[in-house]
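Contents: one structure, followed by commentary.
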Amino acid sequence: MKEVMMCAQKLAEAILNSDVYQHMHTLEEQVTRDEDATKAIAAYMEKRTAVEQAMRKPDIDPSQLAEAAQELEDVQQAMNDCPIIRDMRDAQKKYQDMMDNVNRILRLVVTGETEDDKGGQPTSGCTGNCASCGGCH
């Protein structure tokens with residue numbers, strides 16, 4: 001057990017020291033210090049909260065909801081148009097892809113299962129669905 005925990009810690013440190021993580025972390029910090037980015041994020045969060053609250057009302061006015069939804073789309077587009085936010089999201093996607101690959105490797109080594117590229121279903125081992133199986137061995 002101790003060896004497993006030590007290896008997990010080494011993996012975590014390798015992830016933290018990776019260029020992918022470092023780049024993402026740097027961009028996240030830059031976004032928090034960028035006035036335009038923080039304003040765009042705050043505007044989006046405010047509009048999203050307003051839409052969520054409007055949807056909870058039992059006597060919701062469809063035209064008001066449509067207007068609030070359009071305002072949310074507009075501020076979301078403004079947020080997405082912010083270059084530093086776009087860069088941060090791209091970096092977060094690359095980090096998530098790296099972590100997905102790490103998890104795939106762990107799953108493959110531990111269980112022998114891989115994921116089908118199309119459906120995300122295991123391609124070997126028991127899927128839990130007997131219809132996809134040639135029988136238990």
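Each value in this text was obtained by applying a stated rule to the coordinates, not by laboratory testing. Everything numeric here is computed off the predicted structure, so don't read it as measured data. For neighbour counting, all protein chains shown are included, and Cβ atoms are generated from backbone atoms with ideal geometry for every residue, glycine included.
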Return the residues of the stretch 78-118 that are part of a helix (DSSP H, G or I) and over 30 Å from Val31 (Cα atoms); say none if nothing qualifies. Arg104, Ile105, Leu106, Arg107, Leu108, Val109, Val110, Thr111
Report every pair of residues separated by at least 6 positions or lying on different chains whose Cβ atoms are under 8 Å apart, first residue within the stretch 86-105 and at positive phi, second part of a helix (DSSP H, G or I). none
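To keep it simple, each residue is scored yes or no on (1) under 19 Å from Gln92 (Cβ atoms); (2) part of a helix (DSSP H, G or I); (3) among the small types (Gly, Ala, Ser).
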{"position": "Glu13", "(1), (2), (3)": "no, yes, no"}
{"position": "Tyr21", "(1), (2), (3)": "yes, yes, no"}
{"position": "Ala43", "(1), (2), (3)": "no, yes, yes"}
{"position": "Val51", "(1), (2), (3)": "no, yes, no"}
{"position": "Gln70", "(1), (2), (3)": "no, yes, no"}
Got a number for residues in the stretch 29-71 being under 20 Å from the mean Cα position of the chain (by Cα) and surrounded by 13 or more Cβ atoms within 10 Å (Cβ to Cβ)? 8
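For residues in the stretch 91-105 being of a type outside the set (A, V, I, L, M, F, W, C) and surrounded by 13 or more Cβ atoms within 10 Å (Cβ to Cβ), which is nearest to the chain's Cα centre (by Cα)?
Among residues in the stretch 91-105 that are of a type outside the set (A, V, I, L, M, F, W, C) and surrounded by 13 or more Cβ atoms within 10 Å (Cβ to Cβ), the one nearest to the chain's Cα centre (by Cα) is Gln92.
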